[in-house]
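Student: Structure provided below as C-alpha cells; questions to follow.
The values are calculated or read from the model by the stated rules, or taken from the named source; none is laboratory data. Remember, it's a predicted structure, so these values are computed and weren't measured experimentally. Here the Cβ positions follow ideal geometry from the backbone for every residue, glycine too, while neighbour counts run over all protein chains shown.
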C-alpha cells in the first residue's frame, strides 16, 4: 500500500460523519431509483443516487471514514481498496457540502464530549 494512502487514512480516522437528524427521505421510482432528501434549511430536495444514499445511511456518527470506506468496498467488491476509499470520502465531502451531514466540528465535539464524560466518571461507575 502506498505510504501517502496510509497517511490520508490516518488523517481521516478520527472523522465520524453523522447525518442530520432533521432530514426527510423518500425514494422516488425511476430507473435507477433516487433518494429525495430534504432538510429544513434547503429550498428543494437533494436527489441522491443509490451509491450516495448508501453512504448517507452509513453516516450515523458511529463509523469512522475508513470504516465507511470498508463497508462501501464490501458493497462494491470489484472496487480496489484505494479507489473505494477515495470515492467514499468524496461522497461524504459532497454530502457535507450539501448540508446533509453535521459539520465536522459538531461531530468531533460530540465525540470528545462523550469521551470526556466517560473519562470523568469516578472509578466503578459504568466504565
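Student: Is there any pair with a first residue in the stretch 1-30 that is closer than 15 Å to residue 82 by Cα and a second that is at pLDDT 70 or above and in a loop (DSSP other than H, G, I, E, B) whose Cβ atoms are under 6 Å apart and which are 6 or more apart or on different chains, and what are they?
Tutor: From residues that are closer than 15 Å to residue 82 by Cα, the pairs are 13/64.
Student: Going residue by residue through the stretch 85-93, is there one that turns out to be in contact (Cβ under 8 Å) with a residue 60 or more places away in the chain and under 25 Å from residue 30 (Cα atoms)?
Tutor: yes
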